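Step one of this worksheet: look at the structure below.
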Amino acid sequence: MITHSDQLSLFADKTSPIQEDTVKSWGTFKDSLRAPVHRWFTYPAGFSYKAVAHSFERFGIVKGMSVYDPFMGSGTTNVTAKAMGIDSVGAEAHPFVYEIAKAKMEWEVDKKAIRAFIDHLNINFESRYNDLNGDADFSLCDHFPELVLKCYKKETLGKLLTLKKIYDDYEFHQRESMFIFVVLTALLREISSAATGWPYIAPKKEKITSEDKDALLEFNALAISMLDDLTYIKRQADEEYIKSKHRLIFGSSTDVSAYLSNESVNHVFTSPPYLNNFDYSDRTRLELYFWGFAKNWKDITDKVRSRLMTSATTQISRNDPKYLLDEEIKTNSPEIARFIQDAANKLSELRKVKGGKKSYDLMVIGYFNDIYKVIKEVYRVLKPDSSALFVLGDSAPYGVHIPTDRLIGEIGCSIGFKSYSLEILRKRGDKWKANPQRHGVSLQESIVILKKE
């Protein structure tokens, strides 16, 4: 039986009342910005660790059980599971974000080794920085793409490069290397002279809060603060967290058969990409360029964008047959297939008269081709009498409403889930009312709960 719970249930049972304002933020990274370890990297697609913890409590997920997040991102589900002594698996296809998640899951960092590096850094920094500036052939243009050059004052970027070079030359063990990698990454947007807040980078907009920030001093303070985070989270975590097991998969969650066997996990908590043309690879362009993961737009497409689930028009080539609706969806979910194809047909006509002629029609098809495979895998790996929770929002490209939450619920039931329910977290999209180019469709953020017999 399929059920719908459209009222604001606040994702809470009667024995655990939760404030409405608190629950409304669960689809955002707001709570995690203040939480040790979670706050190390401000991921624009993040969600609240409190929502994960409450989900575990609500569905009876305890030590000895395992949870799975097919869209791990920077690891919110997995860090929360570790803190509660629960086993976890996470999959992430974005190579840079995957590295951040790995680092956040490493809590046994040798503090003496980190402090030794900080001492080494402070002893050698001035001479290394002066050597760079004293080199007649030295140019920041030889080290960074134009976007990075535009985001920093010359002195600041020179100091960041010095930090990076000292880090690259230092002999670390893996845990400590990963830790310093995240410290330096977290520093990038903090000390930029341009507006580099999430999700957009605006090189022409000056950020006055960074005027007096020195790269070395800020790095020292941030490293010590993050070490303190590890002390705190371990103290607050379940004392048996160290016995829990965690596996992080670098790759697509459309097929995790090489990593997860049938009916092997007790719970799924995830937030898939929203169908809103958000380019996850582009939003991390500053970090990708700084670390050399990519050097230009083509690199980002080849090394990152091509790996990710379809959710942005920038991923699409209109001649690619992968953006035809999957025959399996047509066979197993004919009503859903008709809805998706009808929406795509409308968008195909609208793009001819809209500025930019964005490929929303193919984006919608590609999105559901991918999400269908992910849900099939979620069903396969979940144990009987378990639930999978998806935090996501609906969308309305060119004003054509796509009820992503309901469609995911219906797809789940067509695959084999017993039922689904929706719990609305908040209404969204109101801040764009003044934009004449914006559609007038009311949108929402929801939790979709798929139940398996």
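The values are calculated or read from the model by the stated rules, or taken from the named source; none is laboratory data. Small disclaimer: the values here were computed from a predicted structure and weren't measured. Cβ coordinates were reconstructed from backbone atoms using ideal geometry, including for glycine residues, and neighbour counts include every protein chain displayed.
Details
- For the range 217-226, the condition holds for at least one residue, the condition being that it is in the same structural domain as LEU188 (by TED's automatic domain parsing), touching a residue at least 60 places away in the same chain (Cβ under 8 Å) and not aliphatic (A, V, I, L, M).
- You will find that of PRO321, PRO334, the residue that is at pLDDT 95 or above, of a type outside the set (Ser, Thr, Tyr) and surrounded by fewer than 19 Cβ atoms within 10 Å (Cβ to Cβ) is PRO334 and no other.
- Candidates ILE86, ILE118 - the one that is in the same structural domain as ASP214 (by TED's automatic domain parsing), surrounded by 15 or more Cβ atoms within 10 Å (Cβ to Cβ) and modelled with pLDDT of 95 or more: ILE118
- Under the condition of being free of Cβ contacts under 8 Å to residues at least 40 places away in the same chain, touching a helix residue (DSSP H, G or I) at 6+ places or on another chain (Cβ under 7 Å) and closer than 21 Å to ALA91 by Cβ, the residues counted in the range 285-302 number 1.
- Odd one out for ASP282, checked against (1) within 19 Å of the chain's Cα centre (by Cα); (2) in contact (Cβ under 8 Å) with a residue 40 or more places away in the chain: (2)
- Odd one out for PHE269 among (1) at pLDDT 95 or above; (2) surrounded by fewer than 21 Cβ atoms within 10 Å (Cβ to Cβ): (2)
- Filter result for the condition that a residue is out of contact with any strand residue (DSSP E or B) (no Cβ under 8 Å at 6 or more places or on another chain), buried (at least 17 other Cβ atoms within 10 Å of the Cβ) and either of a type outside the set (S, T, N, Q) or in a loop (DSSP other than H, G, I, E, B) (or both), over ASP238, ASP282, ASP255, ASP302: ASP282
- The range 196-215, residues that are surrounded by fewer than 17 Cβ atoms within 10 Å (Cβ to Cβ) and either within 27 Å of GLY75 (Cα to Cα) or among the aliphatic types (A, V, I, L, M) (or both): GLY197, TRP198, PRO199, TYR200, ALA202, ILE208
- All positions within the range 365-381 that are aliphatic (A, V, I, L, M) and under 21 Å from the mean Cα position of the chain (by Cα): ILE371, VAL374, ILE375, VAL378
- Any chance GLU377 is among the charged types (D, E, K, R) and modelled with pLDDT of 95 or more: yes
- Hey, TYR360 touching a Pro at 6+ places or on another chain (Cβ under 6 Å) and either modelled with pLDDT under 95 or buried (at least 17 other Cβ atoms within 10 Å of the Cβ) (or both) or not: yes
- The range 347-356, subset farther than 17 Å from LEU324 by Cβ and in a helix (DSSP H, G or I), residue farthest from the chain's Cα centre (by Cα): GLU349
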